[in-house]
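Heads up: the structure comes next, in structure tokens.
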Amino acid sequence: MNWWQKLQSNFLAKCGALLLLLFYVSVIAADFVAPYDPYASQPNGSLLPPTQIYLQTPQGKFIGPHVYPTTQGPVELATGDRKLTVDWEKPSPLRLFVRGSTYKLFRISLPLPPPRDEIVIFPGIPLDWHLFGTTGEGKFNLLGTDEQGRDQFSRLVYGGRISLSIGLIGIAISFPLGMLVGGISGYFGGWVDSILMRIVEVLMTIPSIYLLVALAAVLPPGLTSSQRFLLIVVITSFVSWSGLARVIRGQVLSLKEREFVQAAKTMGGNPFYIIVRHVLPQTATYIIISATLAVPGFIVAESILSLIGLGIQQPDPSWGNMLTLATNASILVLQPWLIWPPALLIVLTVLAFNLLGDGLRDALDPRTQQR
């Protein structure tokens, strides 16, 4: 049984992989999946609960799934409560693939410093179709609305772009650096190994979360969320490659004495070519497993920074800054739909990556395959 068949036979690993696939496809096509503009506020729509779906009109006539225009009424002075106002005269049918706000699907851009804030790589495909929505005046707020009257589900899908991509970009930056430093240190040894490992040990002694908080706090206040996101990724990657470098160094120390490496040396191979072409590929099993287990750390770091107000700033959504409402006790009690969706998605994403990483470890470990 090869590693792919072994991975497919692992039920938990498959569940984790399918869940991650669902999440990443959803956030890539967030413009299509989200029914509304995540920045648009609904008139008198602040803190609406999840929209109730009806099948029959108040008169008892069956017309299929539909909703009614709902707004927040005035505050009751006696009790302090706000009463929902429902317009029962305007049923709005629920439909798949409805027309709504215009967007550009698959638009890709990179943040730049001012005065030019971004560079457009792909302008996107202009569309106005959405996965689901209503055909009337009523709004379907699947997870309710926030304090600004913005659709919570739309913001959750858009926020996943930041929270899910930060791990992949962080891995793309930190892992090549850790692999290269560890490979050079283990292959050359001597004073090169001593200097590089001392640098690694210094970085490992720095508490990463405190460094992130300190550095994020001194970022210029005029930065856009995309520029702040890029800096958070760079900072997180800078403090996370040292552990990988130490492990790769240990593996290279044993690999460099193998026959194929000695043969490459005898044939006059360049040391850096031998490291990149012959030595580092032998560590691929560990790197793949480590990458899947390291991504959750980046996601949690972004969530923590955004939660304490040092990461992605409002009105741009991320799962971390959507959790800032959890610091308000009244929100926790009266509007729990604002708290549990982003918290649940963070937990599920971290769990899915860990399940996939465990499955890859079992499938790729030669000792497991031998057993």
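The values are calculated or read from the model by the stated rules, or taken from the named source; none is laboratory data. Nothing here was measured: the structure is a model prediction, and the numbers come from that model. No Cβ is skipped: glycine too gets one built from the backbone with ideal geometry, and neighbour counts run over all protein chains shown. With ligands, DNA and RNA removed, areas are computed over all heavy atoms of the protein, side chains included. Shrake-Rupley method; radii C 1.70, N 1.55, O 1.52, S 1.80 Å.
Provide the packing ranking of 318-325, 56-63, 349-356, 255-262, i.e. peptides ordered by the mean count of other C-beta atoms within 10 Å per residue, highest first.
Result, highest mean Cβ count within 10 Å first: 318-325, 349-356, 255-262, 56-63.
Pick out, from Thr349, Met322, Gln335, the residue whose Cα sits farthest towards the positive end of the charge dipole of the chain, with +1 on the Cβ of Lys and Arg and -1 on the Cβ of Asp and Glu.
The one lying farthest along the dipole's positive direction is Thr349.
Taking the Cα centre of the range 284-371 as the origin, how large is its charge dipole in debye, to the nearest 20, when only Lys and Arg (+1) and Asp and Glu (-1) carry charge on their Cβ atoms?
Result for the range 284-371 is approximately 200 debye, rounded to the nearest 20.
Placing unit charges on C-beta atoms (Lys and Arg positive, Asp and Glu negative, everything else neutral), compute the dipole magnitude of the chain about its Cα centre in debye, rounded to 20.
920
List the lysines whose Cα sits under 25 Å from the Cα of Lys83, skipping any in the same chain fewer than 8 residues away.
The reachable lysines, counting only those whose Cα sits under 25 Å from Lys83, are Lys139.
Full extension from Arg198 to Val276: what is 0.36 nm times the residue separation minus their Cα-Cα distance, to one decimal in nm? Provide the component values of the computation, followed by the final result.
Values: separation 78, 0.36 × 78 = 28.08 nm, distance 2.27 nm.
Here the answer is 25.8 nm.
Under 26 Å Cα-Cα from Lys14, which lysines qualify once same-chain neighbours fewer than 8 residues away are excluded?
Filter leaves Lys6.
Of the heavy-atom accessible surface of the chain (probe 1.4 angstrom), what whole percent is carbon and sulfur?
66
Leaving out ligands, DNA and RNA but keeping every protein chain, what accessible area does Asp358 have, in Å² rounded to the nearest 10, with a 1.4 Å probe?
Ignoring ligands and nucleic acids, Asp358 comes out at about 60 Å².
Just to be sure I understand: with springs between alpha-carbon atoms less than 10 Å apart, which residue in Pro341, Pro271, Pro91 has the highest mean-square fluctuation in the Gaussian network model of the chain?
Evaluated over the chain, the most mobile residue of the options is Pro271.
Whole percent per 20 Å bin, from 0 to the bin with the longest distance: what is P(r) over all C-alpha pairs of the chain?
Binned Cα distances yield the sequence 23, 48, 23, 6, 0.
Rounded to the nearest 20 Debye, what is the dipole magnitude of the range 136-219 about its Cα centre when Lys and Arg each give +1 and Asp and Glu each give -1 at the C-beta?
Computed about the Cα centre, the dipole is about 80 debye.
Using the Kyte-Doolittle scale, find the helices of the chain whose mean hydropathy is at least 1.6 and whose Cα atoms extend 18 Å or more along the helix's long axis, counting only whole DSSP H runs.
11-28, 284-307
Name the residue farthest towards the positive end of the dipole of the chain from the options Thr71, Thr135, Ala363, assuming +1 on Cβ of Lys and Arg, -1 on Cβ of Asp and Glu, about the Cα centre.
Working it through, the farthest residue towards the positive pole turns out to be Ala363.
Probe of 1.4 angstrom, ligands and nucleic acids ignored: what's the accessible area per residue over the chain, in square angstrom?
53
Given the convex hull over the Cα atoms of the range 1-72, what projected area results after averaging over all orientations, in nm²?
Computed as one quarter of the Cα hull surface, the answer is 8.8 nm².
For the chain, what does the helix formula give at 222 nm: sum of -39500 (n - 2.57) over DSSP H segments with n ≥ 4, over the residue count, nearest 500 deg cm²/dmol?
Details: 15 runs with 194 residues, N = 371.
Mean residue ellipticity, 222 nm, calculated: -16500 deg cm²/dmol.
If you take every residue apart from Trp4 with its C-beta less than 13 Å away from the C-beta of Trp4, what net charge results, scoring Lys and Arg +1 and Asp and Glu -1?
+1
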